[in-house]
Amino acid sequence: MTRFLFRRLAILLPTLLFVSIIIFGLQQLLPGDPAIAMAGEERDPETIAQIREKYNLNKPIHERYLLWIGGVLQGDFGESIRIQLPVSQLLVEKLPVTIELAILSMLVALGIGLPAGMISALYNGRWPDYVANVVGLWGLSTPNFWLGIMMILLFSVELGWLPASGYVSPLEDPLGNIEAMIMPAFVLGTGIAAVMMRHTRSAMLQVLSSDYIRTARAKGLREKVVIGKHALRNAAVPVITLGALEFGQLLSGAVLTEQIFSIPGFGKLIVDAVFNRDYAVVQGVVLCTATAYIVLNLLADIAYFLVNPRLRA
Amino acid sequence: MFRHATYAAFAALIMAATPGAISSASAQTLKFGLAEDPDALDPTLARTFVGRVVFSALCDKLVDISPDLKVVPQLATEWSWSADNKSLTFKLRPGVTFHDGEKFDAEAVKYNIERHKTMQGSQRRGELSAVTSVDVVDPLTVKLNTAAPFAPLLATLTDRAGMMISPKAGKALADKFATAPVCAGPFKFVERVAQDRIVLEKFDGYWNKANIHFQRIEFRPFTDATVRLANLRSGQLDILERLAATDAPGVQKDAKLKLGSITEIGYYGITINIGKSDKAKTSALGSSQKIREAFELSLDRNGINKVVFDGLATPGNQWVAPNSPYYAKSSPIPKRDVAKAKALLKEAGNPNPVVNLVTPTTTDARNIAQVVQAMAKEAGFDVRIQATEFATSLNMADKGDFEAYILAWSGRPDPDGNLYSFHGCKQPLNYSGLCNPALDEVLNDSRLTTDMAQRQAAWNKAAAIVLAERPIIYLLHRKWLWAYGNKLSGFKEYPDGLIRFTGMKLG
């Protein structure tokens, strides 16, 4: 286990370095000039030249990369050309929001997806299975923006129960925070719940038909123990993989959902940054989410160890 | 224990979902919905329209405009041009202080104009390039000198170039001024969370504080127009800017909402590359004045207005709208004439010219492109739409890598701001590449005198030349649309699309 962890950690740094080069390089392929995008409606040539100079845009690409990565290693992610604030400040502001939304959405997804998948597998071919499947398909095929706007129209405009959008920090107003997060977390969570449900169902079906489950039942174990202790743990492996991937996706920001509910997270940040060619912000966000992805995958690997003893060789 | 916690959480959820749980914010706070998140809150560096909306609460200017585009006093109470029109003298309002308690005086004006002119990355440099020096005559009198007469200067100072920041804060924060802006407007800066909110608070030392009726203003960006409106309907907002034209009828029918609208000082038009790059020579539109004329005759501006803007825009053929005092009446809007367009194309020896039309991916621009495509087809044009993301399209325009390009301009109060930079030879926004010495002479003449009749005569001449050459085919002028709750009173529309918070009241 320690050797495994050590090995995984050792490849973490080269992976991130590689990712940083890819991010930086791909960004340069974007058509459009950040200086022109930033120069306002008037686009005074002298101003454009000054912006190029200030943000090192006229230096060769490798020099710019070294300047950027050198800063990143010292915790300096550069400055947003558009709002002229340090990127690190933006990341620190948005990351907790994105993490909170990701966790809440994941809770919704697990809370609906896991039980639905299990019920669906246990009642395979009977009506609970069909109901779960129909609901799952609905969750998969409903576009987030549509569901989001419908929820706003119902719960905010018509009923007036929840705020239509906006974000309140849980430290300022915990209740207000929950009110603001219910709808976006539900919209994001239902989409993932559907996928979770399908995966849990097929993993459970596969496990339930295996020999050791038959043996467990044959030796007279109670169904609760067969399902809870023997079947679920094994069926959990693919679900954990999926969960880690989906969680990573959530951390990279839920662009549409954040736009609709005006949640100031990574999604909004990166979309604005791409359209304004705000390179430093794009790089900072992508590097941050790439790191999160890698760490989550590592955590998923550790989780396999914990649920499945056969992997602890 | 666990069960109790579950019940408690459940109860909290139910309470949260009960009407009335949303705290009714004090009537003293105006909640304003913006269409995007502003850029840097520094008048020298700022470049977005939404930034100007925030500045209208935060930073007063030397002079302002009235709804009919006249220059009116703000921080300066009077002004006069010298006999040779080479200097503009302002008398400043006495007793004005900045949010940090510093005095506003002639020295502060000098500091601000110089900051606009010299700061690295300044967006105001071009606007103020005519100003050569600033003289402090006495503490309340300041003189701006120019090398040659430059009539548009006064109108320039009604916008960001005329905004005054506290010199003390400006010097202390330098290029970080946007993190804690200090001006002399009715509201002072409290906090900004990027992409979430900008909060301002009433400034008790404001010179005109008797007319300010809110304690706070909260600006929140909502990029989606539907979502912005949903927030107004649910009471999360008191007012929003840039209502979608298609939502205007719904707002008018809603008894709880009011609609504000006024014709913009900007325009929508199709810029044609007639000399910016070699593409001008190879394209049908760029190489033939007849084909350009045929193209314009194939278009029905009223039709575009109805389809794209629900009839809410004002069709036009010049850089100012037909209802503007500066419109050249000698050059009226040509009527659609498909037969004549066909005849012109036949004369030009090209009955089915191909037009590659670059359009930014905004909804309005794309819709305009599609309507233009359908209309021009009737005359024989084969319009091919090239929808391109905005930043990329600007780059193409700048390089001359286009034949025709749909572009909007937000407009300036002085017509010079809609005209000179676009049609003057080699000017920064002259994407068409037009270079006409006769036009340059007229444009320069319009800047030399402050006599409006003489300037108008010059603009009439300019209209005749531009409308014949067609570097830009002007199509229409949108309406600025605001929606607000009926508790809000005292709201007045201004053609620059900005808000004047003085006199506005809630409840």
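The values are calculated or read from the model by the stated rules, or taken from the named source; none is laboratory data. These numbers come from a predicted model, not from an experiment. As a convention, Cβ positions derive from the backbone with ideal geometry for all residues, glycine included, and neighbour counts pool all protein chains shown. Quick note on the areas: whole protein, heavy atoms, side chains included, nothing else; ligands and nucleic acids left out. Shrake-Rupley method; radii C 1.70, N 1.55, O 1.52, S 1.80 Å.
Quick notes on this structure:
- Residues of region A:269-288 satisfying the condition of being free of Cβ contacts under 8 Å to residues at least 24 places away in the same chain and surrounded by 22 or more Cβ atoms within 10 Å (Cβ to Cβ): A:I270
- Number of residues in region B:397-418 that are in a helix (DSSP H, G or I) and either open to solvent by less than 10 Å² (accessible area, probe 1.4 Å) or within 28 Å of B:L69 (Cβ to Cβ) (or both) equals 4.
- Of the residues making up region B:376-387, those that are open to solvent by 20 Å² or more (accessible area, probe 1.4 Å) and either closer than 18 Å to A:A39 by Cβ or in a helix (DSSP H, G or I) (or both) are B:K377, B:E378.
- Test set (1) open to solvent by less than 30 Å² (accessible area, probe 1.4 Å); (2) over 24 Å from B:H99 (Cβ atoms) - B:L128 fails condition number: (2)
- Test result for A:D211, within 14 Å of chain B (Cβ to nearest Cβ) and either open to solvent by 40 Å² or more (accessible area, probe 1.4 Å) or of a type in the set (D, E, K, R) (or both): no
- Restricted to helices (runs of 4 or more DSSP H) entirely inside region A:1-68, those with at least 1 residues that are open to solvent by 60 Å² or more (accessible area, probe 1.4 Å) and among the charged types (D, E, K, R) are A:2-29, A:45-54.
- Annotation: of all residues in region B:77-111 being out of contact with any helix residue (DSSP H, G or I) (no Cβ under 6 Å at 6 or more places or on another chain) and of a type in the set (F, W, Y), the one that is nearest to B:T450 (Cα to Cα) is B:W81.
- Residues that are more than 25 Å from B:L229 (Cα to Cα) and more than 11 Å from chain B (Cβ to nearest Cβ) were ranked within region A:161-188; the one that is most open to solvent (accessible area, probe 1.4 Å) is A:L171.
- Criterion applied to B:P249, B:P322 was being free of Cβ contacts under 8 Å to residues at least 12 places away in the same chain, open to solvent by 10 Å² or more (accessible area, probe 1.4 Å) and farther than 25 Å from B:V355 by Cβ, and the one residue passing it is B:P322.
- Going through (1) within 14 Å of chain A (Cβ to nearest Cβ); (2) in contact (Cβ under 8 Å) with a residue 12 or more places away in the chain one by one, B:V109 falls short only on (1).
- Residue, farthest from the other protein chains (Cβ to nearest Cβ), within region B:196-236, restricted to residues that are out of contact with any Gly (no Cβ under 8 Å at 6 or more places or on another chain) and of a type in the set (S, T, N, Q): B:N208
- Scanning region B:232-245 for residues that are in a helix (DSSP H, G or I) and either free of Cβ contacts under 8 Å to residues at least 12 places away in the same chain or in contact with a helix residue (DSSP H, G or I) (Cβ under 8 Å, 6 or more places away or on another chain) (or both) turns up B:R233, B:A245.
- A single member of B:T179, B:T246 is more than 13 Å from every other protein chain (Cβ to nearest Cβ) and among the hydroxyl-bearing types (S, T, Y), and it is B:T246.
- Any chance B:L394 is closer than 30 Å to A:L30 by Cβ, open to solvent by less than 40 Å² (accessible area, probe 1.4 Å) and out of contact with any strand residue (DSSP E or B) (no Cβ under 8 Å at 6 or more places or on another chain): yes
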